[in-house]
Structures are given as C-alpha cells and as structure tokens.
1. In debye, nearest 20, what is the charge dipole magnitude of the chain about its Cα centre with +1 on Lys and Arg Cβ and -1 on Asp and Glu Cβ, if you could check?
2. With a Förster radius of 45 Å, plug the Cβ-Cβ distance of residue 280 and residue 164 into 1/(1 + (r/R0)^6) and report the FRET value to the nearest 0.05.
3. Considering Cα pairs under 8 angstrom that are at least six residues apart, work out the relative contact order of the chain and quote it in whole percent.
4. If R₀ is 25 angstrom, what is the calculated FRET efficiency for the pair residue 131 and residue 256, using the beta carbon separation as r and rounding to 0.05?
5. For the chain, what is the largest minus smallest coordinate of the Cα atoms on each principal axis, given in angstrom and ordered from greatest to least?
6. Just going by the charge dipole of the chain, with Lys and Arg at +1 and Asp and Glu at -1 on Cβ, which of 158, 13, 265 is farthest out on the positive end?
7. Report for the chain the percent antiparallel among DSSP-assigned beta bridges with both residues inside it, nearest 5.
8. Starting from the Cα of residue 27, step 7 Å toward the Cβ, then list every residue of region 209-232 with an amide N under 16 Å from that point.
Amino acid sequence: MKILITGGCGFVGSNLAIYFKKNLISSKIDSLDNLSRNGALLNFQRLRKNKIKNFKIDISNNTAVQSLPRYDLVIDCCAEAAVEASKREVDRVFNTNLLGTFNILKKCTKDKSNLIFLSSSRVYSIKQLYKSKKNKSLINEKFDTLEPKSIYGFCKHSSEQLIKEFSFLYKIKYIITRFGLIAGPWQFGKQDQGVVSLWIWKHMNKQKLSYIGFGGKGSQIRDVIHISDVCKLIALQIKKINSIYNFTMNAGGGKKNAISLKDLTKICQKVTSNRIKISSKKSTSEYDIPYYVTDNSKVKKIYKWDPQKKILHIIQDMYKWMLSNKKKLKKYIK
Ligand SMILES: NC(=O)c1ccc[n+]([C@@H]2O[C@H](COP(=O)([O-])OP(=O)(O)OC[C@H]3O[C@@H](n4cnc5c(N)ncnc54)[C@H](O)[C@@H]3O)[C@@H](O)[C@H]2O)c1
C-alpha cells in the first residue's frame, strides 16, 4: 500500500510515518510538508534516516499537490495546529487548514484513494464547553458544533463537511477522528500549542511559566493521549478501512487521563525534581476553553481500542526524550 502523510514532518505526522515504516512492512510511506513549523527540520531529518521521502510543497498550492504520485491512502495531518494562530493569521490558517483539505480531496478523487483525516476536539462550541466544565461531562460526537468554535475549529469542521461531500459524490472512503490533546516525543511545545511539552521543558530548564485565564490558577482541564496510542488507533483504521469507513469519532486520553494545569505542574515537579515560578494572568483569549475531556465510547466500540498510556507515564516518557535531546531541542521548544 502506498501512503502519503501530509504534515509528515510535524509531531503527529513524523511519529506516524516512522511507526508505519516499522510496523506496516509492505507499505511505502511518503510525506508532504513545507517545513514551516518550528522544529519540522528535525523531524525531516528523522524521516530521512528512516528512508521516508518528503515533498517540500505547500498544501494550499493545488498544482503542486496534483503533481504528486498516486497513493492508495492519504493521512491528512497537515495543519496550522495552533488555535490562536487562526486569530492572528486567518488567511494562512484558512489556506492551510481548509483549502489544503480541498486540494487533498481533489487528489484523492483523481487517484481513487482513501482518506484518514485528523480533526480536532476544537470543532465543538466554545460556549457549550464552558457549560460542560460545571457538570464535568464527557464530550461525545453529538456535542454542539454549530456555535462559534474559533476559525481553527471552523476550518476543521468545514474540512469534515467537505470530506463528506466528496465521499458522497466520488465514493472516497474516509475516517475522521476528532482528537483531544496529543502529547509525546518530537512535539515542540510553544505558548499556544503543545502545552504538555512546554510545561515539562520549562520545569526541566527551570524557566518561568504562567497560568493564563480562568482565574489564573491553572484550573483548566484537558485529557491527554500519548502519540503511541494515536499510532495504534490509526494503524487499526488503515487495516480495516475496506470494511469500516465513513465514520466520524472522538478519541482522546479520556477521564483517566484528564488533568488540570495545576496538577500537571505537580507531576512535572515530581518527574523533574524542579520547582519553578509560575505567574498568573486572569484573562485569556476568546478562543481559549476551560475544559475538554473525551468520551471514547464510539471509537472503543468500533475498534476495540482504548488508550493505554497513563498521564504519569506520558510525562516520564517525554522527559526522558527531552533529557537525551536537550541540546538540539533548545531552539525549538519555547
Ligand atoms: N497535537 C495535538 O494535540 C492535536 C490535537 C488534535 C488534532 N491535531 C491535528 O493533528 C494534525 C497534526 O498536528 P501536529 O500536532 O502534528 O501539528 P504540527 O504543527 O507538529 O504538524 C503540522 C505540520 O504541517 C506542516 N505545515 C503547516 N502548514 C503547511 C502548509 N501550508 N503546507 C505544507 N505543510 C504545512 C508543518 O510544517 C508541520 O510540520 C493537525 O491537523 C492538527 O490540527 C493535533
């Protein structure tokens, strides 16, 4: 099977590419990535070491996308992944995150390829998520997607709708997974994306952090899933794509891996043996959410899959990776 991973030099894409290279022996894996993300170059070098080719093109350039070889399957991991960027750089986010999906769909139509799309928990309404924090309910696929959710969330949700239109008309088989917060080695965290990575790195290097928003005390809650659990799920999705297709599902760390930022600090202190100064800012962006915890019932039922790695293990694993790559990561985690 020939597989194209878009965003293949990103955190998720590069981990998937290398996992599949090692575990789907009969497959050929290529990547599409313009290397725009800070740190993508390091992942590009990892791909090269594993003999995975990267096409350095912009996904919003339709001519370039259509000129790529034919693939049986496209795994679309290409996006500007920071929600806040969709406020600052709306054109770039729109072009990458929505026009990019459109171009990939035209390519899939031409080549009769299947599509696995990485969507996001951010397709859900911000206002309704505020209400969910009060009763600590788990978020399932029926949760509201109609009210505002950020331009990032809008692009993800619109991409999902486009995929369904193309599938209806051109019989493309697709799987859409709305992931919660993903963490693991080769994630280059920054202030507005990759919070677990950033938190461990700042503790390890004894640098300052801030609790931003929701009273400034670190009360916001997210569930965290390890990248290896994501790789295992997508491997199952690939294996079964001819019998299980045209589904949209949530996947995330779930209730057992839900953690507040305050408690993340405690685990980082324990794992790194360092304590750092954490300042406090009361207000936050309109796009920020106080709570998201995944209801995995649907994905569990379909694939008999369950995330295995617990939060402490995730943090220990990332810390180990950071320790052994400290020098080269300095430029990339900020
Ligand atoms: N990381 C998470 O917690 C998370 C959670 C839910 C969903 N997702 C989704 O999973 C996918 C992968 O996320 P990630 O964390 O690996 O992000 P990432 O930023 O690490 O990877 C995205 C890659 O896309 C590339 N890229 C960006 N714009 C491009 C363009 N115009 N043309 C070509 N390449 C371009 C970047 O260089 C980068 O390597 C994204 O679709 C993201 O929205 C991620």
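Values in this text are rule-based calculations from the coordinates and carry no lab data. It should be emphasised that the depicted structure is a prediction, and the values quoted were computed from it without experimental measurement. Using ideal geometry, Cβ is built from the backbone for each residue, glycine included, and neighbour counts are taken over all protein chains shown.
1. Once rounded to the nearest 20, the dipole reads 1300 debye.
2. Result of the calculation: an efficiency of 0.55.
3. Contact order relative to length: 18 percent.
4. 0.65
5. Projected onto the principal axes, the Cα atoms of the chain cover 54, 43, 39 Å.
6. Checking the options against the dipole of the chain, the answer is 265.
7. 10
8. Output list for this probe position: 227-232.
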